[in-house]
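K.L.:
One structure follows; several queries about it will come next.
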Amino acid sequence: MKNSIYPCLGIRGKIAEASDYYIQTFGEGKVSQTTPFVIQIELSGQKFMLLNEGPSASPNPSISFMVVSEDPEETEKYWNRLIKEGKALMPLDNYDWSPKYGWVEDKYGVSWQLYTGNKADTPQKFSPTLMFTGANAGKASEAIAVYTKLFPDATIEGILKYSKEDGENEDFVKHAQFKIKDTILMAMDSSAAHAFAFNDAVSLVVECETQEEIDKYWTQLTSKGGYEVACGWLTDPYGISWQIIPKNIVKWVTDPERSQRVMSVMMKMKKLIIADLENA
């Protein structure tokens with residue numbers, strides 16, 4: 001399973017170390033691309049990009065990764081590795097929704113929700129999970145509607161609202177699962193006083209086949225309060241960072257004969273233009 005939407009983790013100066021750490025932690029992993037700026041790894045067949053430069057922000061729990069295991073021992077194994085030099089956000093325990101669940105921030109600041117449950121419900125091993133907080137609290141449903149309308153092969157697989165017993169706004173999303181292109185994401189609202197919000201330390205990368213596809217995503221995600229950043233990066237109206245890139249960009253920037261020319265052209269762009277990069 002090769003996702004055409006996948007996360008990018010900003011881990012400045014430590015991407016080689018971090019790539020080994022994640023492959024050892026989760027197993028079933030490999031390095032698929034490596035450059036001084038970016039290492040791309042696959043975990044259980046899913047892509048993750050680790051970025052050496054770029055954003056100065058640090059990852060925080062506003063974007064975490066739900067990790068599904070059917071075996072409580074597997075969940076515990078991940079927990080024991082990630083908690084070293086990390087910290088518990090919710091302790092590993094038995095909860096109403098899972099016999100073994102814990103939320104942990106690893107030593108690089110990346111957050112993982114370790115969940116024991118049925119893989120039939122969530123067939124994807126790792127699911128980016130968006131927490132709408134602060135000024136964005138209550139906007140999870142709206143954002144899901146925007147994303148599922150914009151991207152192809154999209155479905156809303158379930159939205160669970162808070163109950164009165166939860167002590168939270170009953171219009172807010174407690175847990176939602178949706179699919180865009182070939183990727184499952186999750187979302188939730190929280191009105192608690194969190195000291196974090198979406199930033200560019202964790203972004204979502206969208207690989208595009210055509211310029212038409214790039215133009216469509218770029219236009220929609222930068223409208224209504226979103227904005228262009230640089231080199232294919234944008235921030236959407238909710239503060240979530242996206243990288244809208246051509247599918248072949250890694251091939252072009254790792255080609256020894258062309259990489260400097262491609263990088264030089266790309267550094268002058270905000271939205272990426274496939275023809276100009278191909279002809280560099």
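The values are calculated or read from the model by the stated rules, or taken from the named source; none is laboratory data. As the structure is a prediction and not an experimental result, all values here were calculated from the model. Cβ sites come from the backbone with ideal geometry, for glycine too, and all protein chains shown count toward neighbours.
K.L.:
Filtering segment 238-280 down to residues that are touching a residue at least 60 places away in the same chain (Cβ under 8 Å), assigned to a helix (DSSP H, G or I) and exposed (fewer than 15 other Cβ atoms within 10 Å of the Cβ), which residue is nearest to the chain's Cα centre (by Cα)?
P.N.:
The selected residue is THR254.
K.L.:
Filtering segment 176-204 down to residues that are outside any loop (DSSP other than H, G, I, E, B) and without any contact (Cβ under 8 Å) to a residue 40 or more places away in the chain, which residue is farthest from TYR227 (Cα to Cα)? Walk me through it before giving the result.
P.N.:
Start the filter on segment 176-204 by keeping residues that are outside any loop (DSSP other than H, G, I, E, B), which leaves 176-180, 183-189, 202-204.
With the extra rule that they be without any contact (Cβ under 8 Å) to a residue 40 or more places away in the chain, the set shrinks to 176, 178-179.
Working: ALA176: 26, PHE178: 24, LYS179: 24 Å.
Step by step, filter segment 176-204, then rank; the result is ALA176.
K.L.:
Follow-up question, since we're still on this one. So which of LYS247, LYS251, LYS179 ends up being closer than 19 Å to LYS47 by Cβ and in the same structural domain as ALA57 (by TED's automatic domain parsing)? Please lay out each step first, then the result.
P.N.:
On the way: LYS247 fails: in the same structural domain as ALA57 (by TED's automatic domain parsing); LYS251 fails: in the same structural domain as ALA57 (by TED's automatic domain parsing).
From the options LYS247, LYS251, LYS179, the qualifying one is LYS179.
K.L.:
Of all residues being surrounded by 18 or more Cβ atoms within 10 Å (Cβ to Cβ) and either in contact with a Lys or Arg (Cβ under 7 Å, 6 or more places away or on another chain) or of a type in the set (Ser, Thr, Tyr) (or both) in segment 194-213, which is nearest to GLY10 (Cα to Cα)? Just the residue, please. I'd like the intermediate steps shown before the answer.
P.N.:
Pass one, segment 194-213, residues surrounded by 18 or more Cβ atoms within 10 Å (Cβ to Cβ): 198-208, 213.
In the following step, the residues that additionally are either in contact with a Lys or Arg (Cβ under 7 Å, 6 or more places away or on another chain) or of a type in the set (Ser, Thr, Tyr) (or both) were identified as 203, 207-208.
Working: SER203: 8, GLU207: 18, CYS208: 21 Å.
Ranking the qualifying residues of segment 194-213, first place goes to SER203.
K.L.:
Which of the residues spanning segment 214-229 are of a type in the set (Gly, Ala, Ser), surrounded by 13 or more Cβ atoms within 10 Å (Cβ to Cβ) and in contact (Cβ under 8 Å) with a residue 12 or more places away in the chain? Working first, answer last.
P.N.:
Step one: of segment 214-229, the residues of a type in the set (Gly, Ala, Ser) are 223, 225-226.
Now narrow it down to the ones that are surrounded by 13 or more Cβ atoms within 10 Å (Cβ to Cβ): 226.
The answer is none; no residue qualifies.
Here is a yes/no grid of residues against (1) in the same structural domain as LYS119 (by TED's automatic domain parsing); (2) at pLDDT below 95; (3) closer than 24 Å to ILE39 by Cβ:
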{"residue": "PHE172", "(1), (2), (3)": "yes, no, no"}
{"residue": "ILE184", "(1), (2), (3)": "yes, no, yes"}
{"residue": "ASN199", "(1), (2), (3)": "no, no, yes"}
{"residue": "TYR217", "(1), (2), (3)": "no, no, no"}
{"residue": "GLN220", "(1), (2), (3)": "no, no, no"}
{"residue": "VAL262", "(1), (2), (3)": "no, yes, yes"}
{"residue": "LEU272", "(1), (2), (3)": "no, no, yes"}
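K.L.:
Hey, among the residues in segment 1-32 that are assigned to a strand (DSSP E or B) and either aliphatic (A, V, I, L, M) or within 15 Å of the chain's Cα centre (by Cα) (or both), which one's farthest from TYR108 (Cα to Cα)? Let's see the steps before the verdict.
P.N.:
Residues of segment 1-32 that are assigned to a strand (DSSP E or B), as a first pass: 5-10, 29-32.
Filter once more, so that each one left must be either aliphatic (A, V, I, L, M) or within 15 Å of the chain's Cα centre (by Cα) (or both): 5-10, 31.
Details: ILE5: 22, TYR6: 18, PRO7: 15, CYS8: 13, LEU9: 9, GLY10: 9, VAL31: 18 Å.
Selected residue: ILE5.
K.L.:
Within segment 33-54, identify whether any single residue is touching a strand residue (DSSP E or B) at 6+ places or on another chain (Cβ under 7 Å), assigned to a helix (DSSP H, G or I) and buried (at least 17 other Cβ atoms within 10 Å of the Cβ), and answer yes or no.
P.N.:
Scanning segment 33-54 turns up no residue that is touching a strand residue (DSSP E or B) at 6+ places or on another chain (Cβ under 7 Å), assigned to a helix (DSSP H, G or I) and buried (at least 17 other Cβ atoms within 10 Å of the Cβ).
K.L.:
Oh, and also: Condition test on VAL110, is it under 15 Å from CYS8 (Cβ atoms) and either out of contact with any Ser or Thr (no Cβ under 9 Å at 6 or more places or on another chain) or touching a residue at least 12 places away in the same chain (Cβ under 8 Å) (or both)? Can you show your working first?
P.N.:
Values: under 15 Å from CYS8 (Cβ atoms): yes; either out of contact with any Ser or Thr (no Cβ under 9 Å at 6 or more places or on another chain) or touching a residue at least 12 places away in the same chain (Cβ under 8 Å) (or both): yes.
For VAL110, the condition - under 15 Å from CYS8 (Cβ atoms) and either out of contact with any Ser or Thr (no Cβ under 9 Å at 6 or more places or on another chain) or touching a residue at least 12 places away in the same chain (Cβ under 8 Å) (or both) - is met.
K.L.:
Of the residues that sit in segment 95-121 and are in contact with a helix residue (DSSP H, G or I) (Cβ under 9 Å, 6 or more places away or on another chain) and small (Gly, Ala, Ser), which one is nearest to THR25 (Cα to Cα)?
P.N.:
First, pick out the residues of segment 95-121 that are in contact with a helix residue (DSSP H, G or I) (Cβ under 9 Å, 6 or more places away or on another chain): 98-102, 104-108, 110, 112, 114-116.
In the following step, the residues that additionally are small (Gly, Ala, Ser) were identified as 98, 102.
Numbers: SER98: 21, GLY102: 15 Å.
Only one residue tops the list, namely GLY102.
K.L.:
Any residue at all in segment 137-155 that is assigned to a strand (DSSP E or B) and of a type in the set (A, V, I, L, M)?
P.N.:
Let us first name the residues in segment 137-155 that are assigned to a strand (DSSP E or B), namely 155.
Subset that is of a type in the set (A, V, I, L, M): none.
No: zero hits.
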